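Asker: Here it is, the structure in full.
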Amino acid sequence: MQHGPAVRRRKLGAELRALRAGAGLTSGEAARLVGWHQSKVSRIETGTSGVKPSDVRLLLDAYGVEDRQLRELLLVLSGARDGGRDHWWQAYRGVLPPTYRDFISLESQASAMRTLETSVVPGLLQTPEYARAVTRAAVGAVDEERLDTLVEVRLARQDVLRSDPPLTLSAVLDEAVLRREVGGPEVMSRQLERLVEAARLPQVRLQVLPFSAGAHIGITGPFVIFSFPSTSDLDVVVLDHLTSSLYLERKEDLQAYTEAFDSLRIHALSPEDSLDYIAAIKDGA
């Protein structure tokens, strides 16, 4: 049986604990309602053990949870399959490291994504040629077949922007992202065109943080904030490192990064001016 990453287990457990408390039940009372030992409820709520989707359904029924969207989200977090099928990225288990699969899983379940990028264009907005150049640089020496697969995965991730409802993407890009010539002049020119096209989508808000903004809180590095439907208690911050990813879930961390992102948006160009700025860089201004 497969369980989600630790951050999702803890998030799921915390949400189930809150729902139990909202139903006016102790953990012992909840256990008796579903025919378990109290220790099993405690392990689930603390995230120390995984939980089957069928067990989550039992608990939600016991707590009288009828919100369909919330039920579906919690079931997905527990590892439930949609329509009896694995999530699409599971087909790439032999190629993708667990941390990358975890990231894609969160991305696919989120309703909104806020991201600061300081070096490269966000994966959801990359052209195939740009994605190939970035991937080659990131993984180093790799055979063409594996490179093709990694690029295929990166492009498949972009479907979240075309889903119903689509993921809402708010991105702040440091000017260095636009100036760094990835893949050569032609590849970069097309990538800048793609950014302009994407920025016109109603579900995408793109802002440029120009060099003239000087030092800003984002110089500490890029980050992603995932938000989920129905509840903010499942929100999580993701920090990428060379060989791993760090998931921050404490309310203090979420508040700090949310405030940082809000500050970056204030210092960045407006979405309208950002479009003009990108176009000017493309034209060599």
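The values are calculated or read from the model by the stated rules, or taken from the named source; none is laboratory data. Every value quoted in this text rests on a predicted model; they were computed, and no experiment measured them. All Cβ positions, even for glycine, are placed from backbone atoms using ideal geometry, and neighbour counts span all protein chains on display. Each accessible area value is taken on the protein alone, full model and side chains, heavy atoms only, with ligands, DNA and RNA left out. Shrake-Rupley method; radii C 1.70, N 1.55, O 1.52, S 1.80 Å.
Asker: Express the carbon and sulfur contribution to the solvent-accessible surface of region 5-78 as a percent, rounded to the nearest whole number, probe 1.4 angstrom.
Answerer: 49
Asker: May I ask you to derive the relative contact order of the chain, considering only C-alpha pairs under 8 Å and at least 6 residues apart, and to give it as an integer percent?
Answerer: In percent, rounded to a whole number, it is 19.
Asker: With +1 on the Cβ of every Lys and Arg and -1 on the Cβ of every Asp and Glu, and nothing else charged, how large is the dipole of the chain about its Cα centre, in debye rounded to the nearest 20?
Answerer: Dipole magnitude for the chain comes out near 1020 debye.
Asker: Determine the principal axes of the Cα atoms in region 130-285, then give the extent along each, sorted from largest to smallest and rounded to whole angstroms.
Answerer: 42, 38, 34
Asker: Are there trypsin sites (Lys or Arg not before Pro) in region 84-176 that DSSP marks as loop and that have at most 15 other Cβ atoms within 10 Å, and which are they?
Answerer: Hits after loop and neighbour filter: Arg93, Arg162.
Asker: Separate question: Using only the Cα atoms of the chain, what are the Rg and Dmax in Å?
Answerer: 20.8, 70
Asker: I would also like to ask the following. Taking a probe of 1.4 Å, how large is the accessible area per residue of the chain, in Å²?
Answerer: Here the per-residue accessible area is 49 Å².
Asker: Return the loop-located GluC sites (Glu not before Pro) in region 157-235 (DSSP other than H, G, I, E, B) with at most 12 other Cβ atoms within 10 Å of their own Cβ; answer none if there are none.
Answerer: Glu181
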